[in-house]
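The values are calculated or read from the model by the stated rules, or taken from the named source; none is laboratory data. Values in this document were obtained by computation on a predicted structure and should not be read as measured data. Surface areas here come from the heavy atoms of the whole protein model, side chains and all, with no ligands, DNA or RNA. Shrake-Rupley method; radii C 1.70, N 1.55, O 1.52, S 1.80 Å.
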Amino acid sequence: MRLFFFTLLLITLSACSSTSYNPTIFSYQLKKGESAEQVSKAMNNVIVATINFGVPSRKYLQKEQYKVDSAVESYLESHNYNVLPDYHFKNALRKASYEYGKYYDEQTGKLDRATQQKVLLSILKQLREQTDADTIIFTDLIERKISFTANMQKQARFDGVTRKVSMQGPGNGVPSDFDWNQLVDAASLQVAIFDMQGEVLFHSIGGIDATQSIDTRKSPPLFVRSRKVLNSMGHIEEAVELAFHPIIVMKDYPSKAQ
């Protein structure tokens, strides 16, 4: 039915203030032939999905999903979109999962795309029949690999943001031979907007923050999981603004051509 659109996005998935130009900004995608203004006007009554479109987020990120979804809903409502209660989605998901089964195996980490499509299309059908929703928004927390610069700034750029390295433990220094080129975990917000027939209207990503800090208590110091993951609401809000641009235009969007 809409297999092409689901498959297209699945392929894409396996693909401090940041108000100045940032070359890492994600190239958002709009439905072919549609402008951002047209997509925005088609969004009146929206539902924020309570599951990922792709594979589930890492467990340590799942614990922070409520903060991100809350920021998304507040952002949409502040721009006059009507956000419908999430129980509509949860009820439809429960019924679809009972009928078709689970499409993600936590033991193997494998995604059954055929079953996933059946579940999602069933959800959309139920929502069309039972609500006045016109769009559904998936807000996936995805993991990125980044590295910090070895200069004085000790910064990393990814998905449109610039973030400084964080430390935990006594002191702020690391040895002169510390490997700044090593890859570090970071989290980004991926937004996918569908209409109620299952067509992808919009897809983009906004960076949030690194999820690892340098533990200076170790000898030598090394990167470990941060004690407070995604603790900055400012960083979350910036990611939301980035991920929804240009559906909702972000002030000082960090691109040469805005």
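Before moving on, here are some points about what is shown:
- Compactness check for segment 154-234: Cα Rg over 2.2 N^0.38 Å is 1.43.
- The chain: calculated mean residue ellipticity at 222 nm from DSSP helix runs of at least 4, using -39500 (n - 2.57): -9500 deg cm²/dmol
- Scattering profile of segment 74-134 at q = 0.18, 0.19, 0.23 Å⁻¹ [log10 I(q)/I(0), Debye over alpha-carbon scatterers]: -0.72, -0.76, -0.91
- Shape metrics for segment 96-164, restricted to C-alpha atoms - Rg then Dmax, Å: 19.4, 57
- Straight-distance candidates among the aspartates and glutamates for linking to residue 67, with alpha-carbon spacing under 15 Å and chain neighbours fewer than 8 residues away dropped: 86, 140, 209, 237, 238, 241.
- In summary, the convex hull built on the alpha carbon positions of the chain has an orientation-averaged projected area of 14.8 nm².
- Of all accessible heavy-atom area on segment 67-111, the percent that carbon and sulfur account for (1.4 Å): 44
- Which listed pairs, of 145/256; 63/95; 164/251; 102/218; 154/228, have C-alpha distances above 31 Å, in listed order: 102/218
- Accessible area per residue, Å², the chain with all protein chains present, probe 1.4 Å: 52
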